[in-house]
Structures are given as C-alpha cells and as structure tokens.
Amino acid sequence: MIKFQTISINDKNDFSKVPNGFVGLMTKNHIGKKIISFKTDRNDVVLSRELDKIISKLNLTENNYLILTTNLTMESIEKLEDAGIEYITSSNFIWTDERYKSRKEH
C-alpha cells in the first residue's frame, strides 16, 4: 500500500506544509487545491499501477487535486489527465511503464 498525504491549501501560509522540493513551485493558482503527496517503493518513478491505488482513494467529483511527486510514466500522466487531476513533478524525464521496468531488471 502506498501511503500518501493530503494537504489543503487554503491560503499562501499553507505552502509551508508542502514537501520541500515543491514549495518553490507553488503559486497563488494552487490556493484552494488539495495537495496529494507521496513516495513509492522506488523514489524516482511512479508507475501507473501505483498511481491507480492513489486515484482510487480520491473523491473524483472534487476537481481540485494537485499531485506532487518525483517523476511519472507516460501512462501515469495519461491517467491523471483523463481524471482531470493537475500534477507537478520534480523531474521531467519521460518513461513508459515497460521501459522503466525493463531498465530496473538489468
């Protein structure tokens, strides 16, 4: 099970609650969002199956989520876009689920 943290951003003072690597990326446009922050077993890439576990716990009728994480695979990005969930990553290197898994097996 992936543990995640939800942080409600009600005003700019709540930016101090955001994980360190993302504080500088927050803007006034993020006020009113519910921040979802998490790490996976690997700290570098979030695979789509891991993201599915988190999305299944969210109330998607609320359209005010913002995912903060390290890096997303192409499939993960598609899932977030399909669900209408905004995201910020700390890395922009694009993997596919399969490409990442095959790299880790070698």
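A few points about this structure:
- One residue stands out among those in the range 1-34 that are in contact (Cβ under 8 Å) with a residue 40 or more places away in the chain and of a type outside the set (A, V, I, L, M, F, W, C): the one that is farthest from Asp52 (Cα to Cα), which is Gly21.
- Of everything listed in (1) under 21 Å from Lys3 (Cα atoms); (2) without any contact (Cβ under 8 Å) to a residue 12 or more places away in the chain; (3) not acidic (Asp, Glu), the single unmet condition for Thr73 is (2).
- Residues that are of a type in the set (D, E, K, R), modelled with pLDDT of 85 or more and surrounded by 12 or more Cβ atoms within 10 Å (Cβ to Cβ) number at least 1 in the following strands (runs of 3 or more DSSP E) confined to the chain: 34-38, 86-89.
- When the range 18-34 is filtered for residues that are over 17 Å from Ser90 (Cβ atoms) and over 14 Å from the mean Cα position of the chain (by Cα), the ones remaining, listed by number, are Lys28, Asn29, Ile31, Gly32.
- Criterion applied to Leu68, Leu47 was being touching a residue at least 40 places away in the same chain (Cβ under 8 Å) and closer than 22 Å to Asp11 by Cα, and the one residue passing it is Leu68.
- Filtered residues of the range 50-77 (kept if farther than 26 Å from Glu98 by Cβ and of a type in the set (A, V, I, L, M, F, W, C)): Leu60, Leu66
The values are calculated or read from the model by the stated rules, or taken from the named source; none is laboratory data. Only a predicted model underlies this, so the values are computations on that prediction, with no experimental measurement involved. Note: ideal-geometry Cβ built from the backbone for every residue, glycine included; neighbour counts use all protein chains shown.
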